[in-house]
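No lab work stands behind these numbers, since they all come straight from the coordinates. The structure displayed is predicted, hence computed values, not measured ones. Here the Cβ is made from the backbone with ideal geometry for all residues, glycine too, and neighbour counts use every protein chain on show.
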Amino acid sequence: MAKVLLIADHDGENLNPTTPKAVACAADFSPEALDVAVFVSGDNGVADQAAKLDGVSRVLRIDNPANEHCLAAMLAPQIVKMAADYTHVLVAGSTFGKDLMARVAALLGVLQVSDIMKVESDYVFQRPIYAGNAITTVEAPSDQVLCGTVRAASYQAAGEGNSASVEDISVDAELPDHTRFVSVETHKSDRPDLQTAPRVVSGGRGVGSGENFDIIYKLADKINAGVGASRAAVDAGYVPNDMQVGQTGKIIAPELYIAVGISGAIQHWAGIKDAGTIVAINKDEEAPIFEVADLGLVADLFDAVPELEQKLG
Amino acid sequence: MKLMVSVKRVVDYNVRIQVKPDGSGVVTDGVKMSMNPFDEIAMEEALRIKEAGNAEEIIAVTIGEQKAQEQLRTALAMGADRAIHVEVDEDIQPLTAARVLKALADKEQPGMVLLGKQAIDDDQGQTGQMLAALWDRPQATFASKVDLDGQKAKVTREVDAGLETIEVDLPAVVTTDLRLNEPRYVKLPDIMKAKKKPIDTTSLADLGVEAAPGLKVTNTAPPPERQGGKKVESVDELVSELKNRGLI
Ligand SMILES: Cc1cc2nc3c(=O)[nH]c(=O)nc-3n(C[C@H](O)[C@H](O)[C@H](O)COP(=O)(O)OP(=O)(O)OC[C@H]3O[C@@H](n4cnc5c(N)ncnc54)[C@H](O)[C@@H]3O)c2cc1C
């Protein structure tokens with residue numbers, strides 16, 4: 001029987017939306033224990049949020065000033081100490097999880113399964129390769145701790161009907177001083193979170209400029225959607241990097257995805273292939289996005305998007 | 001200081017890969033192979049550090065089959081000073097790759113090891129972090145900016161929330177994100193010059209590295225097909241389709 005330790009991803013105030021999805025993955029092991037570790041420096045309610053998630057047995061809170069910025073170099077030695085009591089150590093495959101878990105695995109001297117999208121048994125999983133253009137079934141050795149990251153877009157968030165206990169524990173690990181947090185630059189927005197929004201509108205290079213992105217925002221606001229972008233739009237500086245959707249950006253699964261002025265490169269497609277309905281607006285009828293979009297409209301986006309926004313009123 | 005850059009031979013990012021019908025993997029025979037794009041960015045960053053006078057030597061490393069020397073030649077043509085080919089016949093695990101790089105780091109004592117944040121074939125994204133762990137050194141992953149300052153580096157990282165900046169003591173491991181730089185094109189004279197640069201060949205055994213137990217891949221399948229391709233003629237038709245589907 002599996003005993004799972006899941007590391008919570010949070011910003012000091014809120015759980016990252018990928019964590020409840022990773023809990024859902026962990027619950028698929030039917031584990032005899034599913035403990036969530038919350039590393040904090042002064043808790044602002046994150047542990048309580050984790051305790052509500054269905055399937056969680058206990059929340060373990062490790063409150064230590066060294067945990068303030070959740071740096072992988074600080075957390076990894078602590079997780080290694082805790083791992084002895086578990087068969088599986090998991091984390092959501094957010095940038096936090098990807099940075100952290102491989103460091104943990106190497107310290108433990110074990111392999112890692114990245115981007116678990118399906119649990120077939122305690123040691124057999126499905127995971128994507130080649131930007132999701134192939135799905136492999138992999139079997140991990142069962143005589144060692146299994147470290148894994150969860151492809152959050154493959155899971156529905158765990159429900160919030162639980163009230164697991166929150167226990168404060170202290171972990172005695174030697175922490176390095178070679179890595180220091182300097183700053184973080186985030187773009188706060190009142191729009192729905194890109195990773196969880198049921199509707200997302202994304203703009204690509206075709207949008208042409210940061211100012212032109214206003215028509216994307218207007219359409220998004222009309223239907224209460226999150227806003228994303230292609231890599232080309234981010235590279236060109238139209239929008240910040242945290243909006244990038246795709247193989248190397250965010251992988252999302254909204255019910256409705258509207259791609260505007262995006263050609264549909266495989267690396268972009270990798271980020272949206274789990275979406276419910278994909279709409280493409282592009283003036284080039286040969287654009288590859290039309291091969292995969294459920295609804296394609298060949299049109300100039302500067303005409304079609306404002307018209308769509310108006311007619312959705 | 002020395003810089004070490006690891007490069008991997010992968011299927012070119014423009015290739016639409018095909019899954020073998022018997023589920024045994026992905027077709028690579030006769031397919032265009034290239035340097036992993038993220039590793040190209042790592043190479044470029046190393047060159048820029050050296051050109052700014054902050055490093056003396058760049059060593060490119062690959063772990064792979066004989067043909068992976070083509071990618072080392074590309075690295076040498078870009079400007080690496082010398083190369084090390086760790087020859088293996090089979091695919092190796094990220095943990096094994098990290099052990100190899102750790103053994104080479106012990107030997108070469110680089111001030112920084114630069115790697116791509118992931119390889120675009122198996123997308124595992126582990127090797128840099130694993131190397132940092134085994135080497136007991138800092139890791140600055142998903143880098144979009146690297147500023148050297150004596151024995152320290154300030155690195156801006158692309159994270160889900162935006163941009164995070166951390167400071168690490170050297171030696172350190174840096175893994176590259178796409179926006180760190182734009183790799184230079186190699187020119188023909190550089191390719192000719194690269195032919196004269198040395199490639200050392202070594203093996204896991206020579207380095208005293210034990211291969212880590214692997215993940216067994218039991219099946220490879222194409223992803224579920226999506227039925228796309230329907231076109232609408234006007235915004236009005238799009239709106240009514242969306243309404244019919246209960247999406248708005
Ligand atoms: C290793 C690697 C990783 C990558 N990761 C990602 C990733 O995570 N996400 C990502 O998105 N990309 C990624 N890419 C880049 C990807 O290959 C494409 O270059 C990128 O997605 C293209 O963005 P785009 O569709 O906006 O631009 P383009 O391909 O330039 O397409 C622009 C589209 O806009 C249309 N257009 C122009 N003007 C108008 C108009 N007025 N009205 C309507 N349509 C118009 C054009 O017809 C065209 O189809 C990656 C690439 C590599 C090599």
Shape of the protein assembly as shown from its Cα gyration tensor (a ≥ b ≥ c, root eigenvalues): rounded if a/c is under 1.5, otherwise prolate when a/b > b/c, or oblate?
oblate
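Only four residue types carry charge here, +1 at the Cβ of Lys and Arg and -1 at the Cβ of Asp and Glu. Report the dipole size of chain B about the Cα centre in Debye, rounded to the nearest 20. Working shown, then result.
Values: 33 positive and 41 negative charges, 86 e Å.
Magnitude of the dipole: close to 420 debye.
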From other protein chains only, count the Cβ atoms within 10 Å of every residue's Cβ in B:116-127, then give the mean.
6
Subtracting the Cα-Cα distance from 0.36 nm times the residue separation, let me have the gained length for B:Lys193 to B:Asp12 in nm, one decimal.
62.7 nm
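As a test of understanding, state the convex hull volume per residue of segment B:67-135 from its alpha carbons, in Å³.
Values: hull volume 7.2 nm³, N = 69.
Convex hull volume per residue, Cα atoms: 105 Å³.
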Step through the residues of segment B:116-121 one at a time and calculate ³J(HN,Hα) from phi using the Karplus curve (6.51 cos²θ - 1.76 cosθ + 1.60, θ = phi - 60°), rounding each to whole Hz and writing x for Gly and Pro.
x, 5, 7, 9, 7, 8
Give the separation of the Cα centroids, segment B:219-248 to segment B:145-170, in Å.
42 Å
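Looking at the square roots a ≥ b ≥ c of the eigenvalues of the Cα gyration tensor of segment B:2-244, which shape do they give, rounded for a/c under 1.5, prolate if a/b is larger than b/c, or oblate?
On the way: a/c = 1.77, a/b = 1.43, b/c = 1.24.
Prolate, since a/c reaches 1.5 and a/b exceeds b/c.
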Degrees between helix B:37-51 axis and first principal axis of chain B (Cα, 0 to 90, nearest 10)
40 degrees
Förster radius 30 Å - calculated FRET efficiency between A:Asp85 and B:Ala221, Cβ distance, rounded to 0.05
0.25
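Please identify the longest segment of chain A free of exposed GluC sites (Glu not before Pro), where exposed means a DSSP state other than H, G, I, E or B and no more than 11 other Cβ atoms within 10 Å.
On the way: sites that count: A:Glu13, A:Glu32, A:Glu174, A:Glu211, A:Glu285, A:Glu286.
It runs A:33-173.
Largest first and in whole Å, give the semi-axes of segment A:6-60's equivalent ellipsoid, each being the square root of 5 times a Cα gyration tensor eigenvalue.
Numbers: eigenvalues 71, 24, 13 Å².
Those come to 19, 11, 8 Å.
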Going by a ≥ b ≥ c, the root eigenvalues of the Cα gyration tensor, does segment A:191-313 fall in the rounded group (a/c under 1.5), the prolate group (a/b larger than b/c) or the oblate group?
rounded
Only counting other Cβ atoms within 10 Å, I'd like A:His187, A:His10 sorted with the fewest neighbours first.
A:His187, A:His10
Taking Rh as the Kirkwood radius computed over alpha-carbon pairs of segment B:174-244 and applying Stokes-Einstein at 4 °C with viscosity 1.567 mPa s, one gets a diffusion coefficient in µm² s⁻¹ of 63 µm²/s
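Using DSSP loop states and a limit of at most 13 other Cβ atoms within 10 Å to flag GluC sites (Glu not before Pro), what is the longest stretch of chain B containing no flagged site?
The segment B:91-209 is the longest one with no such site.
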PRE reach from B:Lys230 (point 7 Å along Cα→Cβ): which of segment A:275-291 fall under 20 Å by backbone N?
A:275-282, A:285-291
Among A:Ala225, B:Gly25, A:Thr196, whose Cα projects farthest towards the positive end of the dipole of the protein assembly as shown, with charges put on the beta-carbon of Lys, Arg (+1) and Asp, Glu (-1)?
B:Gly25
Using modelled backbone amide H atoms (1.01 Å from N, in-plane), which distant-in-sequence or interchain residues come within less than 5 Å of A:Ile116's amide H?
A:Thr149, A:Val150, A:Arg151
Write down, largest first, the equivalent ellipsoid semi-axes of segment B:14-127 in whole Å, where each equals the square root of 5 times an eigenvalue of the alpha-carbon gyration tensor.
27, 16, 13
Fewest first, what order do A:Met82, B:Met78 take by the number of other Cβ atoms within 10 Å?
A:Met82, B:Met78
If the chain between B:Lys67 and B:Asp169 were fully stretched, how many nm would it gain, using 0.36 nm times the residue separation less the Cα-Cα distance?
33.1 nm
So what are the ³J(HN,Hα) numbers for segment A:232-249, from phi and the Karplus equation (6.51, -1.76, 1.60; θ = phi - 60°), rounded to whole Hz, Gly and Pro as x?
4, 5, 6, 4, 6, x, 5, 9, x, 4, 5, 8, 5, 10, x, 3, 10, x
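Please arrange B:Val146, B:Val217, A:Val4 by how many other C-beta atoms lie within 10 Å of their C-beta, fewest to most.
Numbers: B:Val146 22, B:Val217 17, A:Val4 27.
Arranged by neighbour count, lowest to highest, B:Val146, B:Val217, A:Val4 become B:Val217, B:Val146, A:Val4.
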Electrostatic dipole magnitude of segment B:70-188 [Cβ: Lys, Arg +1; Asp, Glu -1; Cα centre; debye, to 20]
480 debye
Can you tell me the length gained on complete extension of the stretch A:Lys222 to A:Met1, counting 0.36 nm per residue apart and subtracting the Cα distance?
74.7 nm
So if we plug the beta-carbon distance of A:Asn14 and B:Lys32 into 1/(1 + (r/R0)^6) with R0 = 35 Å, what FRET efficiency do we get, rounded to 0.05?
0.20
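How high is the FRET efficiency between B:Asp200 and B:Asp22 when r is their beta carbon distance and R₀ equals 41 Å, given to the nearest 0.05?
On the way: r = 38 Å, r/R0 = 0.93.
After rounding to 0.05, the efficiency reads 0.60.
Take every residue in peptide A:122-133, count the Cβ atoms of other chains within 10 Å of its Cβ, and give the average of those counts. Spell out each step's value before the answer.
Details: counts 0, 2, 2, 1, 2, 5, 3, 12, 14, 5, 2, 8.
Average per residue, whole number: 5.
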Counting only other chains, what is the mean number of Cβ atoms within 10 angstrom of the Cβ of each residue in peptide B:232-239?
6
When N counts the residues of segment A:3-168, how does its alpha-carbon radius of gyration compare numerically with 2.2 N^0.38 Å, as a ratio?
0.95
With the crude spin-label approximation of a point 7 Å out along Cα→Cβ, what separation in nm comes out for A:Asn212 versus A:Glu291?
2.5 nm
For segment B:59-76, take each phi angle, set θ = phi - 60°, evaluate the Karplus expression 6.51 cos²θ - 1.76 cosθ + 1.60, and give the result in whole Hz per residue in order, putting x for glycine and proline.
10, 9, 10, 10, 10, x, 5, 3, 5, 5, 4, 4, 6, 5, 4, 4, 4, 5
If amide hydrogens are placed 1.01 Å from N in the peptide plane, which non-local residues have theirs closer than 5 Å to the one on B:Met33?
B:Asp12
Would you calculate the separation in nanometres between label points at B:Tyr185 and B:Glu237, each defined as 7 Å from the Cα along the Cα-to-beta-carbon direction?
4.2 nm
